[in-house]
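Structure first, then comments.
We did not get these values from a lab; they are worked out from the coordinates using the rules stated. For clarity, every value in this text was computed on a predicted model and none was experimentally measured. Cβ coordinates were reconstructed from backbone atoms using ideal geometry, including for glycine residues, and neighbour counts include every protein chain displayed.
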Amino acid sequence: MVGAIKRSRIATAVLVACALGSCRDKPPVANTLIGVDKTQLVTVVTDDWNGFRAELRRYERSPGEAWTAVGPVIDVVIGREGYGWGRGLHGSGAPTGRPGPIKREGDGRSPAGVFEIGTAYGYDAGRERVALPYVQATPELRCVDDPKSHHYNRIVSTANTVVDWRSAEYMRRQDELYAIAIVVEHNTRRIERGAGSCIFLHVWRGPDSGMTGCTAMPLDSLETIADWLEPNVSALVALPRSEYGALRHSWGLP
């Protein structure tokens, strides 16, 4: 009888706690791909694997809490051929049992998966509202996309680097595409040659032009994101809608 009474009291306490809101529906943060250290999330979702138009959403949270949407939905474009599984926090290539192409150098696809967000580059000498590490893009800076180079998928300066590549992105362009360019950490931890390189959030040419592999948007939208992001606590989720739905619970997505 004592045990039954005790169980009844526990059940009552749980019901009261839930009624007060402490049993909110939220993802199991501790056991999901996106850990408690990530308190900012950017999602970029397309309708399917091969489309280049996408919707970008921002979320934030306190550690261990549920995600809360921040700001409006932003129309963006990704790689002209859509998505292909990349190399990031989710691992290398496609998660076990999931369909979809694999990202390769020059395929016109943006990397799909979960990625950390790195350094911001820009044409201005400094941006006081940007909390991310910021580097001014000088004419000497290159992002090397030649898989045969020892500097593949790295940003280096020709002023102090022996050039061993035949192809590289100029970080200071003649147009405004890299006026702000925020590094997406695809294939950066253990670089695999040919797996894709030089992935950024940057300025678009317009809503009807897919990119070579980056995610692009209007300058004012990119400035808002750059000013909002904080170092070491942000992640990017890039997926087709079908995969987002399939992985939402196990990855702890909003």
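Points to keep in mind about this one:
- For the chain: relative contact order, % (alpha-carbon pairs under 8 angstrom, 6 or more apart): 25 percent
- Remark: Ser197, Ser242, Ser250, Ser62 ranked as Ser62, Ser250, Ser242, Ser197, counting other beta-carbon atoms within 10 Å and listing the fewest first.
- Expressed as a fraction of 2.2 N^0.38 Å, the C-alpha radius of gyration for the chain is 1.16.
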